[in-house]
Amino acid sequence: MTTTNERSVAPADSVAFKPWASAPGEATTDRITGVCLSLVNLPLHAPISDAKVLTGRQKPLTEIAFLFAEITTESGYEGLGFGYSKRAGGPALYAHAKEIGPELIGEDPSDISRLWSKLVWAGASMGRSGVAVQALAALDIALWDLKARRAGLPLAKLLGAHRDSVSVYNTSGGYLSAPIEAVLDNVDLALARGIGGIKLKVGSPDSRVDLERVRRVREHLGDDVPLMVDANQQWDRLTAIRVGRQLEEFNLTWIEEPLDAYDAQGHADLAATLDTPIATGEMLTSFGEHAQLIEARASDFVQPDAPRVGGITPFLQITHLADYKGLALAPHFVMEIHAHLSAAYPRTAWVEHFEWLEPMFNERLEIAEGRLTIPDRPGLGLSLSEQTVSWTVESTELR
């Protein structure tokens, strides 16, 4: 374990955020006095494989690296944000955040848009996508959490909620690494928990395997439960059309990432050809990349990931454009953040259920009758658990 700035692995009282809001007072200009950054490795219970593994492009997923940012102000307000990386990149996120994080010291935390630009320009030579923005995402999300806590409002309410709960579907039980009988057991567990939809991974080297698995799940679910499939970018255009047509009999809510994430034209052609809606966007890491897909009408469901695109600030830019174009929203992963953002979206919106992150927080999200209830606690409504402390690899204080 490595520490910097004379800080060992953070004790519980410095990592866990307990107060949801400070006492109300007069509106004043506040200043950021400290930023704590932590690199945390979350181990998974078993290796996870999707089509990228079965086609030899990646190794099974065994852990997820998280970058946590905790921001404090001179008035005693606190904000918590986080980003993540799968398989590789966690140390890079942490290193870049340590470089640009000092830019926040002394700043007014309310000026989030300006601070986002300041952080981007602090690392301008790294570009405006990828690691450069994913590292600042944790800081941006922490600023939004802080702003909502300061207002005494859940983040969804601060943004302007359209609903107090959102439709939720499960992904973690439908990976290709799980035999079909295990998938069906996972389906039952998800539905019993109150989850409203099921997503199944596809994209096997033999599409007949995919079709049989989808058939088994649809028969198990019946006709009324929403079912989605996710190919994780593993099809070429011809395969996507051929398999997509065969999938239409299953009345899918969407087909996700049938093509390479950056193939806007291919996704647009597919969306115009198939009756089943297309969903994509989770792998993109900037507003500009999402704008290309949206302008091309490449999907029916946009799937931005706030930690991947640089935080809530660019996420809102993406959803404003998506709303203007009349598209539905289904953000990728981290339901703990995306529940609030989906609740603030005026059109159809889903959130993706993964139980993987639950041990990292003291709170649990409420799910019932196919919907996830937006927490009524200020901000994101999250505090870090003792378990997160034990998984911390490195941390540093910036002042």
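The values are calculated or read from the model by the stated rules, or taken from the named source; none is laboratory data. Quick caveat: nothing in here was measured; it's all calculated off a predicted structure. Note that we place each Cβ from the backbone using ideal geometry, even for glycine, and neighbour counts take in every protein chain shown. Accessible surface is based on the protein model in full, side chains and every heavy atom, while ligands, DNA and RNA are left aside. Shrake-Rupley method; radii C 1.70, N 1.55, O 1.52, S 1.80 Å.
Just checking, does the stretch 316-324 include any residue being open to solvent by 10 Å² or more (accessible area, probe 1.4 Å), closer than 28 Å to Asp140 by Cβ and in contact with a Lys or Arg (Cβ under 8 Å, 6 or more places away or on another chain)? Yes, the stretch 316-324 has at least one match. Residues of the stretch 43-77 that are crowded, with 21+ Cβ neighbours inside 10 Å, over 23 Å from Gly203 (Cα atoms) and charged (D, E, K, R): Glu70 alone.
Listed here are the residues, each with its yes/no results for (1) farther than 21 Å from Val120 by Cα; (2) part of a strand (DSSP E or B); (3) modelled with pLDDT under 85.
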residue	(1), (2), (3)
Pro19	yes, no, yes
Gln58	yes, no, yes
Ile64	yes, yes, no
Ser75	yes, no, no
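Against the definition (in a strand (DSSP E or B) and surrounded by 19 or more Cβ atoms within 10 Å (Cβ to Cβ)), how does Leu80 come out, yes or no? Yes: the conditions hold for Leu80.
Residues satisfying the criterion are present in the stretch 154-167 (criterion: modelled with pLDDT of 95 or more, in a loop (DSSP other than H, G, I, E, B) and of a type in the set (Asp, Glu)).
Condition check for Ala330 on (1) open to solvent by 10 Å² or more (accessible area, probe 1.4 Å); (2) under 14 Å from the mean Cα position of the chain (by Cα); (3) farther than 21 Å from Gly81 by Cβ: one failure, at (1).
Looking at Ala148, Ala142, Ala182, which one is open to solvent by less than 10 Å² (accessible area, probe 1.4 Å), of a type in the set (A, V, I, L, M, F, W, C) and either at pLDDT below 95 or over 18 Å from the mean Cα position of the chain (by Cα) (or both)?
Details: Ala142 fails: either at pLDDT below 95 or over 18 Å from the mean Cα position of the chain (by Cα) (or both); Ala182 fails: open to solvent by less than 10 Å² (accessible area, probe 1.4 Å).
Sole residue among the options that is open to solvent by less than 10 Å² (accessible area, probe 1.4 Å), of a type in the set (A, V, I, L, M, F, W, C) and either at pLDDT below 95 or over 18 Å from the mean Cα position of the chain (by Cα) (or both): Ala148.
Of the residues making up the stretch 209-218, one or more are under 25 Å from Met335 (Cβ atoms) and open to solvent by 10 Å² or more (accessible area, probe 1.4 Å).
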